Number of protein chains: 2
Amino acid sequence: MVTTHEVGTRERIVRATSRLMQRQGYAATGLKDISREAEATLGSVYHFFRGGKRELAVEAIRYGDTEFADLLRAALDRTDDPAEAIIACTRELATGLRESDWLDGCPITTAALESAGRVPDIQRAAEDAFENWRGLVRDKLRRSGFAEDVAHDLAHTVISTLEGAEMSAQVSQSEAPLEIAGRHLARLIDSYR
Amino acid sequence: MVTTHEVGTRERIVRATSRLMQRQGYAATGLKDISREAEATLGSVYHFFRGGKRELAVEAIRYGDTEFADLLRAALDRTDDPAEAIIACTRELATGLRESDWLDGCPITTAALESAGRVPDIQRAAEDAFENWRGLVRDKLRRSGFAEDVAHDLAHTVISTLEGAEMSAQVSQSEAPLEIAGRHLARLIDSYR
DNA sequence: CGCACTCTAAAACGAACGTTCTATTCAGAT
DNA sequence: ATCTGAATAGAACGTTCGTTTTAGAGTGCG
């Protein structure tokens, strides 16, 4: 028997916040939007998140962190070859973007940029997320035999380029930036073999 | 005699909007913030921009477009070698970021992401900007002898990676992502010689 | 001077914001 | 059955939002 996992109010609120912030950022996402999207009331929101909007945003960014990390891990584990694995990532991101009508880009970028240097809690959470994602790529490269420093640097550029290409693709509503980035990153990785 | 160019109210408003949107995005930037920063009144703002906040934001993005294009052009013209020129770009971006205490990233990215798929005017202006910047890089590569299709694709990845690295650097308050991206992009370009 | 026009000033609008508050529902333990 | 504490519901607070409106300077021209 298939049982759809009953999800609690608290988690519904976090998920709704994450999705809304992914699409319109932190400032444009109102608490009433959130409570409507989460099918919860304002009272519930403040019951679970006494720290208000800011605390909720931090939690939502952490949710987006693990969400993106899961996607990344799944794509990276698909093939042994790290260059091919990165191409798999770009493809995954491209289809996700297209299927959401170019609405769902990186779950945390917008909020991260809005808050950089102005809302320490949110910036810190975003910083942790990026570090987390870089770690996944770095470990994959290490396991494939790349030297530590090479893997470290490549991981930086892989994440930066994925982020930039995702944004370019979203703004121009085209998969091209991601497709091209995938090919180029694979070529760059292969150049270090 | 040195005369500081008297700048009109209209341009002060556009510049203030551009800077504020660069730092905190579209939604978080209020018209009263803008009028204060521009040393103008709301009456002046609505006199020059009858279309209100949206029209003003489009103008500010166009301003950020040419601002970033000027920086890009200057760095690209510094050396004949396109790979070195890209490294010069990353250095320029890194010092700009550091000197602004990590506050002034890409002037349009935040607003572009906030509005992607939701505010057509702004998305279009952002799309034009990215296309403009890619054109500058593509032309540079073409002039250096790269084939049309290679230059086209490289321009995509150069802009995507610059954008992503700029964002990573801003969020982690470190020049490392930009420095590493510069080295990798130069290597990628050289691999097509 | 008087007229026309551009620009600035400041007050005021309803709507929406984040937040607080009080009341109520509802299990589970005693 | 009664108490308790978590969870929910919804009204209300003071602010700030984008926008509109009305009035007042400043300037050039006949």
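Take the Kirkwood radius over Cα pairs of the protein assembly as shown, plug it into Stokes-Einstein at 25 °C and 0.890 mPa s, and you get 114 µm²/s for translational diffusion.
Note on segment A:132-190: with charges restricted to the Cβ of Lys and Arg (+1) and Asp and Glu (-1), its dipole about the Cα centre is near 180 debye. Around the Cα centre of segment A:1-61, unit charges on the Cβ atoms of Lys, Arg, Asp and Glu (plus for the first two, minus for the last two) sum to a dipole of about 180 debye. Amide H contacts for B:Tyr26 (H built 1.01 Å from N in the peptide plane; partners 5 or more residues away or on another chain; cut-off under 5 Å): B:Ala111.
For segment B:16-80, applying the loop criterion from DSSP together with a ceiling of 11 other beta carbons within 10 Å to the GluC sites (Glu not before Pro) yields B:Glu39. Would you mind checking the tilt of helix B:9-24 against the longest principal axis of the Cα atoms of chain B, expressed as 0 to 90 degrees and rounded to 10? Roughly 60 degrees between the two axes.
Under conditions of 10 °C and 1.306 mPa s, segment B:74-137 yields 119 µm² s⁻¹ as its translational diffusion coefficient, taking Rh as the Kirkwood radius over Cα pairs in the Stokes-Einstein equation. Computed on the Cα atoms alone, the convex hull of segment A:59-190 gives a volume of 95 cubic angstrom per residue. Comparing A:Gly164, A:Gly51, A:Gly30 in a Gaussian network model of chain A, where Cα atoms under 10 Å apart are tied by springs, the biggest mean-square fluctuation is seen for A:Gly51. Taking Lys and Arg as +1 and Asp and Glu as -1, the other residues whose beta-carbon sits under 10 Å from that of B:Glu37 total +3.
When the charge dipole of segment B:8-54 is built from unit charges on Cβ atoms (+1 for Lys and Arg, -1 for Asp and Glu) and taken about the Cα centre, the candidate among B:Leu42, B:Val14, B:Ala27 whose Cα reaches farthest toward its positive end is B:Ala27. Taking the longest Cα principal axis of chain A as reference, the axis of helix A:82-99 is set at about 40 degrees. For the pair segment A:90-158 / segment B:92-130, the C-alpha centres are spaced 18 Å from each other. In chain B, the longest principal axis of the Cα atoms and the axis of helix B:148-172 are about 60 degrees apart.
Give the A-B buried accessible area in Å², both sides summed, 1.4 Å probe, nearest 100. Roughly 4000 Å². Dipole magnitude for chain B: computed about the Cα centre from +1 point charges on Lys and Arg Cβ and -1 point charges on Asp and Glu Cβ, it is near 400 debye. Taking a ≥ b ≥ c as the square roots of the eigenvalues of the Cα gyration tensor, segment B:117-193 is oblate, since a/c reaches 1.5 or more and a/b is not larger than b/c. GNM remark for chain B: springs join alpha carbons under 10 Å apart, and the peak mean-square fluctuation among B:Thr17, B:Thr109, B:Thr66 falls on B:Thr66. As a ratio to 2.2 N^0.38 Å, the alpha-carbon radius of gyration for segment B:1-136 is 1.13. Other residues lying with their Cβ under 11 Å from the Cβ of B:Gly164 contribute a combined charge of -4, Lys and Arg counting +1, Asp and Glu -1. Across segment A:59-190, Cα pairs under 8 Å and at least six residues apart give a relative contact order of 35 percent.
The values are calculated or read from the model by the stated rules, or taken from the named source; none is laboratory data. Computed from a prediction, not measured in an experiment: that's the story for all the values here. We place every Cβ from the backbone using ideal geometry, glycine too, and count neighbours over all the protein chains shown. Ligands, DNA and RNA are stripped out before the accessible areas are found, and what is left, the full protein with its side chains, is counted by its heavy atoms. Shrake-Rupley method; radii C 1.70, N 1.55, O 1.52, S 1.80 Å.
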